1. ASP79's amide H: which non-local residues (gap 5+, or another chain) put their own amide H closer than 5 Å, with H modeled 1.01 Å from N in plane and none for Pro or chain starts?
2. With the cut-off at 1.5 for a/c, could you classify the stretch 52-111 from its C-alpha gyration tensor as rounded, prolate or oblate?
3. Amide H neighbours of LYS90 under 5 Å, counting only residues 5+ apart in sequence or on other chains, H built in-plane at 1.01 Å?
4. Convert each backbone phi in the stretch 68-76 into a coupling constant with the Karplus relation 6.51 cos²θ - 1.76 cosθ + 1.60 (shift: θ = phi - 60°), then list the ³J(HN,Hα) values in order as whole Hz, x for Gly and Pro.
Amino acid sequence: MKKAYLLVMLLTLGVIAWAVPVTNVQATSHSAVLTAQEEEPAAPAAQEAEAQTFTGQIKNHDGTYMLHSEDGKAYHLDDQDKAKEFDGKKVSVTGSLDEESMVITVSAIEEAEG
């Protein structure tokens, strides 16, 4: 009987000894993640380009409205509905440019004077 009791006690202590370190590791890991998140500064949207103003004429190319700038470059416009309103007109487009794709994320389009 003493051997069975001793065996049960050893098994119980073994389970407790196994469970306690696992619980501490999980708590430590969770705590470390929270600490790392708190210390990490909020990164500004580095991918967002600064707003610029582009001038030129909006032209329809096979159903796609593009801005043909005064310096000879052609830019795709992400707001096709707004661009359609200015088809064939000289405009000022305010927005941010993705230089890789040559797409302007349009904030505003206004008809230019002259």
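Read the figures in this text as sums done on the coordinates, not as results from a lab. As the structure is a prediction and not an experimental result, all values here were calculated from the model.
1. VAL106
2. rounded
3. Amide H neighbours of LYS90: ALA112.
4. 9, 6, 5, 8, x, 8, 10, 10, 7
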